[in-house]
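> Supplied in structure tokens, the structure appears directly below.
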Amino acid sequence: MLKSLINTSRSPSRKARPKPVLAHEPSRSDLEYIRDVLNSEASKGATELRRLIERWFASGPNLQKMLHSDSVLWKGVQHSWESLYIPTRTERARIALFPAGPGADKQSAEAVAHTIFAALTLNPRCDLLAGPCVRCHSYYIKKTRHQKVYCSQRCGSAATALPAVRKKRAAEHARKVKEVQAVVSGLRPTSRNLGWKERVCERTGVTVKWLSRAANKGELSLPRFVQSRQ
């Protein structure tokens, strides 16, 4: 619904107007459309819309605070939709909103972003929009109101698994350094035509490159007979 309205040119004829968007409750599909625009590099107004969403989140969200602090933005958002009073066959009437202007294809990216942002803030489910995801940097619709960091369980699991892998690798490296250091500390001068690094590599299975890197980082102490020569 929202997608078709955004991309439809306004007609001066009431009969030619598109179907009202707010004569009924805004739908989840409207929210999904906004999410897709945010995650697109090709959609017109996407960059400006992302900037607006970031400001909206940073405000609290507090829409009044956000708009009242920027009169230009307030005017742009306020004038991005037109209203129509619709009497019904009951005792009530309804208000319908239509995008102002000639249509997205003839509007500036900023104007398109203002129109979409206004539609978002009129959606009673707007608080379900979240992002960017800490891992994949995509905007998403929350499955629960407490979902604020990752867009999916997959991203959450992958992100939390990475520190565990790093911790495991660090522990394995520390154990390896300790074992090699024990061999290095036990070295004595020898008449064999081998340097101390080659002798350590022969006993531990590490490479000369690994040994040199560990020594340069200060992770390993050099043999005493080597220190005395320096």
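The values are calculated or read from the model by the stated rules, or taken from the named source; none is laboratory data. Just so we're clear, the structure is a prediction, and the values are computed from it rather than from any experiment. Every residue, glycine as well, gets a Cβ built from its backbone with ideal geometry; the counts of neighbours run over all protein chains shown. Accessible surface is based on the protein model in full, side chains and every heavy atom, while ligands, DNA and RNA are left aside. Shrake-Rupley method; radii C 1.70, N 1.55, O 1.52, S 1.80 Å.
> When segment 38-64 is examined, which residues are found to be crowded, with 16+ Cβ neighbours inside 10 Å, aliphatic (A, V, I, L, M) and under 15 Å from Ala130 (Cα atoms)?
Leu38, Leu49, Leu52, Ile53, listed by residue number.
> Within segment 108-158, can you find the residues that are among the hydroxyl-bearing types (Ser, Thr, Tyr) and within 15 Å of Arg55 (Cα to Cα)? Let's see the steps before the verdict.
Restricting attention to segment 108-158, the residues satisfying the condition of being among the hydroxyl-bearing types (Ser, Thr, Tyr) are 108, 115, 121, 138-140, 144, 150, 152, 157.
Answer for segment 108-158, where residues must be among the hydroxyl-bearing types (Ser, Thr, Tyr) and within 15 Å of Arg55 (Cα to Cα): Thr121, Tyr139.
> Would you pick out the residues in segment 176-219 that are among the basic types (Lys, Arg) and within 42 Å of the chain's Cα centre (by Cα)?
Quick first cut of segment 176-219, residues among the basic types (Lys, Arg) only: 176, 178, 188, 192, 197, 199, 203, 209, 213, 217.
If the condition is that a residue be among the basic types (Lys, Arg) and within 42 Å of the chain's Cα centre (by Cα), then Lys176, Lys178, Lys209, Arg213, Lys217 are the ones that fit.
A quick yes/no check of all residues on (1) farther than 27 Å from Pro61 by Cα; (2) open to solvent by less than 80 Å² (accessible area, probe 1.4 Å):
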position	(1), (2)
Pro102	yes, yes
Ile116	no, yes
Ala130	no, yes
Tyr139	no, yes
Cys151	no, yes
Thr160	yes, no
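> Is it true that some residue in segment 183-201 is modelled with pLDDT of 85 or more, over 30 Å from Leu31 (Cβ atoms) and open to solvent by 70 Å² or more (accessible area, probe 1.4 Å)?
yes
> Do we have any residue at all in segment 172-180 that's of a type outside the set (Lys, Arg), outside any strand (DSSP E or B) and in contact with a Phe, Trp or Tyr (Cβ under 9 Å, 6 or more places away or on another chain)?
yes
> Shifting gears a bit: What are the pairs with Cβ atoms under 7 angstrom where one residue, in segment 207-222, is in contact (Cβ under 8 Å) with a residue 24 or more places away in the chain and the other, located anywhere, is open to solvent by 30 Å² or more (accessible area, probe 1.4 Å) and among the charged types (D, E, K, R)? Sequence gap at least six, or different chains.
Sorted first by the residue in segment 207-222, then by its partner, the pairs are Leu211/Lys197.
Yes/no per residue for (1) on the phi > 0 side of the Ramachandran plot; (2) in a helix (DSSP H, G or I); (3) not hydrophobic (A, V, I, L, M, F, W, C):
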site: Ile95; (1), (2), (3): no, no, no
site: Ala118; (1), (2), (3): no, yes, no
site: Pro124; (1), (2), (3): no, no, yes
site: Asp127; (1), (2), (3): no, yes, yes
site: Pro132; (1), (2), (3): no, no, yes
site: Ser157; (1), (2), (3): no, yes, yes
site: Thr190; (1), (2), (3): no, no, yes
site: Cys201; (1), (2), (3): no, yes, no
